[in-house]
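The values are calculated or read from the model by the stated rules, or taken from the named source; none is laboratory data. Everything numeric here is computed off the predicted structure, so don't read it as measured data. Counting neighbours? That spans all protein chains shown, and the Cβs are built from the backbone with ideal geometry, glycine included. What goes into the accessible areas is simple: the full protein's heavy atoms, side chains included, and nothing from ligands, DNA or RNA. Shrake-Rupley method; radii C 1.70, N 1.55, O 1.52, S 1.80 Å.
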Amino acid sequence: MIRIAGVNIPNNKCVFVSLLYIYGIGITTSKLICDLSKVNYYMKVDKLNMQQLELIRLNTSKFLIEGNLKREIMLNIKRLIDLNCYRGIRHKRSLPVRGQRTKTNAKTAKKLLKFKK
């Protein structure tokens, strides 16, 4: 197994598919990394040489991924809660944030709300 950004990448899959195992990298970003590294999308990971792997590692480090991305998301949510805005209040109460209805749906959110007290 090859490690990129602290994540074990599967050897038996294509490069762009195996990059999807890294948190914060989607299909578009994965293909962009392959283009920047000049690697074929459909080449298997175990067929890559060390120079290509180093190029992929270098290009993935340019993006906000894994722990840094999770930390930034948590700081954004904490900022909303501290501002006491509508979205922050919804996050604090563990209710849907983006305008979903709660009269009939969101039963699990309401169920977990009872145990949070």
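Here the gap between residue 70 and residue 94, fully extended at 0.36 nm per residue and compared with their Cα-Cα distance, gives a gain of 6.8 nm. The shape of the range 1-72 comes out prolate: with a ≥ b ≥ c from the C-alpha gyration tensor, a/c is at least 1.5 and a/b beats b/c.
Ligands, DNA and RNA are left out, and with a 1.4 angstrom probe the accessible area of the chain is 72 Å² per residue. Placing +1 on the Cβ of each Lys and Arg and -1 on the Cβ of each Asp and Glu in the chain, which of 75, 8, 32 has its Cα farthest towards the positive end of the resulting dipole? Going by the charge dipole, the pick is 75. Restriction of the chymotrypsin sites (Phe, Trp or Tyr not before Pro) in the range 9-85 to DSSP coil positions whose beta-carbon has at most 16 other beta-carbons within 10 angstrom yields 23, 41, 42, 63. Sites listed here are trypsin sites (Lys or Arg not before Pro) in the range 25-82 whose DSSP assignment is loop and whose Cβ has at most 14 other Cβ atoms within 10 Å: 38, 62. Helix 50-60 versus the longest principal axis of the chain: what angle, 0 to 90°, nearest 10, using Cα atoms? The angle comes out at about 30 degrees. Our note on the geometry: Cα centres of the range 3-41 and the range 42-110, 18 Å apart. For the range 28-79, the fraction of 1.4 Å probe accessible surface lying on carbon and sulfur atoms is 58 percent.
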